[in-house]
Amino acid sequence: MANVKPFYCIRPEQSLVHRVAALPYDVYNRAEARVVALKEPLSFLNIDRPESNLPEETDIYAPEVYAKARELLEARIADGTYVTDTEECYYLYELVMDGRSQTGIVACASIDDYISGAIKKHENTREDKEQDRIRHVDTCNAQTGPIFLAYRTKEEISAVMQAYQKTAPLYDFTSDDGITHRVWRIAKAEDVAALREAFANLDSIYIADGHHRAASAVKVGLKRRAEAGTYDGTEEFNFFLSVLFPEDQLKILPYNRVVRDLNGRSEEEFLAEIAESFTVECTGTENLAPAAKGSFGMFLNEKWYLLTAKDALLAQTDPVKSLDVAVLQDYLLAPILGIGDPRTDKRIDFIGGIRGLDELKRRVHTDMKVAFSMYPTSIGELFAVSDAGLLMPPKSTWFEPKLRSGIFIHKLS
């Protein structure tokens, strides 16, 4: 049973939401964040990346950086940029990109469900990235970037969502990148009760994106428990801000790969070794996106090749080893190109599918030798790996569009 509750939301004043809403903090490097944040003083990026408001030489992990985040958040609440709900509510959050819509429920999920495994994960996290968000959340006393969760579609939840989407939204704006954002507030007692009960009947919830934010939120909650000494589980620090999407609303984009060299092989030797595990077909100069699981596009020396894994490779039943990203890693990148650990090897880079195949060609024309276009991992594969208690290889999924930060804020006390 999952404990997914409504909350007292702190959110932008209606006329300002388009100025406040910002892409997640980790989409930008430091220089990019500074430019975006200073261009729009109300952008939530100023709070998410507060070093942008301090001298450029400031250590981004210095205590004054997190203190600045809290100062800015409190200032925006005080000046009316943000308003605070007077009752606990759920929200609907719809994002429309290239004509495709996905809608989720904004709510607070339980740290106990994360600890027990009812909220399932498929990635490891890095301590350094966790520590940054732990300090940000703890100092601000608030969660500001929602975790992207998924669940198996449930009719009772879908019925409430569909009913609200027939009404006028609270927010309706299009961001600079062309994504339309719509938000509805769910405050009726009977609808709140129906959603809470429906979520309680879910066996599992899955982290789709935001593993570091989730791990950080849980650790802050445990820290607050230790500091409090006694708690009954209803305190806000026992929950973290989330948007929960039904599986039928989600689309995963591919996470493509580029490699710097052929590991000492000639082009002919490279192609011959690939042919031991894959059928290799040269398709010409037109961009090639694989059309089916078990197939890969490869750009090498101005030509595209279709690589298709041989039957023995596709017969695997292990939910991790059967992933396309694992097949490419285990039968090509590691044994032929010498990419033993893609997490640390500087010869490989990863390109989100949103950037298109021309970006793969551009990298090959500049600093790389060969590129691979991937068939996207499915949401069913993500669920299967998580259900088995296993972890996906790095850079297995790319979710788009990205949830905006700053539209919903959850106070911890």
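Annotations
- Chain lengthening between ALA62 and GLN14 when straightened (0.36 nm per residue, less Cα-Cα): 13.9 nm
- Note on the range 173-206 and the range 357-392: Cα centroid distance 29 Å, given to the nearest whole angstrom.
- Cβ-Cβ distance of LYS154 and ASP261, R₀ of 56 Å, FRET efficiency by 1/(1 + (r/R0)^6): the value works out to about 0.70.
- Ordering of 232-244, 137-149 by packing is 137-149, 232-244, highest average first (other Cβ atoms within 10 Å, averaged per residue).
- Amide H contacts of GLY356: none lie under 5 Å away among residues 5 or more positions distant or on a separate chain (H built 1.01 Å from N in the peptide plane; Pro and chain starts excluded).
- Counting DSSP beta bridges with both ends in the chain, the antiparallel % (nearest 5): 90 percent
- Calculated FRET value between GLU302 and THR279, using beta carbons and R₀ = 22 Å, to 0.05: 0.55
- The angle between the Cα long axis of helix 127-140 and the longest principal axis of the Cα atoms of the chain comes to about 20 degrees, rounded to the nearest 10.
- Here the Karplus curve 6.51 cos²θ - 1.76 cosθ + 1.60, taken at θ = phi - 60°, turns the phi angles of the range 84-95 into couplings of 10, 4, 9, 9, 6, 9, 9, 10, 9, 10, 9, 10 Hz, with x standing for Gly and Pro.
- Taken along the Cα-to-beta-carbon direction at a fixed 7 Å, the label points for GLN131 and LYS223 span 1.2 nm.
- Karplus (6.51, -1.76, 1.60) ³J(HN,Hα), θ = phi - 60°, over the range 115-124, in Hz, Gly and Pro reported as x: 5, 6, x, 5, 9, 9, 10, 10, 9, 7
- Spatial separation of Cα centroids for the range 3-74 and the range 233-285, in angstrom: 30 Å
- Secondary structure note: in the range 144-271, about 60% of the DSSP beta bridges are antiparallel.
- With a cut-off of 14 Å between beta carbons, the residues surrounding GLY99 carry a summed charge of -1, where Lys and Arg count +1 and Asp and Glu -1.
- Reported label for calculated Cα extents along the principal axes in Å given [x] 78, 48, 39; [y] 68, 51, 44; [z] 61, 53, 47: [y]
- The simple spin-label model puts a point 7 Å past each Cα toward its Cβ; for ASP172 and GLU359 those points are separated by 3.2 nm.
- DSSP beta bridge pairing in the range 255-375, given as percent antiparallel to the nearest 5: 100 percent
- Relative contact order of the range 255-375, defined on C-alpha pairs under 8 angstrom at six or more residues apart (%): 45 percent
- Once backbone amide H atoms are built at 1.01 Å from N, TYR91 has VAL106, ILE186 as its partners under 5 Å, excluding neighbours fewer than 5 places away on the same chain.
- Per residue, the chain reaches -9000 deg cm²/dmol at 222 nm when only DSSP H runs of four or more residues are counted, each adding -39500 (n - 2.57).
- The chain: angle of helix 155-164 to the longest principal axis, Cα-based, in degrees nearest 10: 70 degrees
- Cα long-axis angle, helix 357-366 against the chain (0 to 90 degrees, to the nearest 10): 60 degrees
- Put simply, the amide H of LYS120, placed in the peptide plane, has neighbours under 5 Å in ILE205, TYR206, ILE207, leaving out anything fewer than 5 places away on its chain.
- Karplus (6.51, -1.76, 1.60) ³J(HN,Hα), θ = phi - 60°, over the range 187-199, in Hz, Gly and Pro reported as x: 10, 4, 4, 5, 6, 4, 5, 5, 5, 4, 5, 5, 5
Bear in mind that the values in this text are calculations on the coordinates, not laboratory data. Given the structure is predicted, the values throughout are model-derived calculations rather than measurements. With ideal geometry, Cβ positions are generated from the backbone for all residues, glycine too; neighbour counts draw on all protein chains shown.
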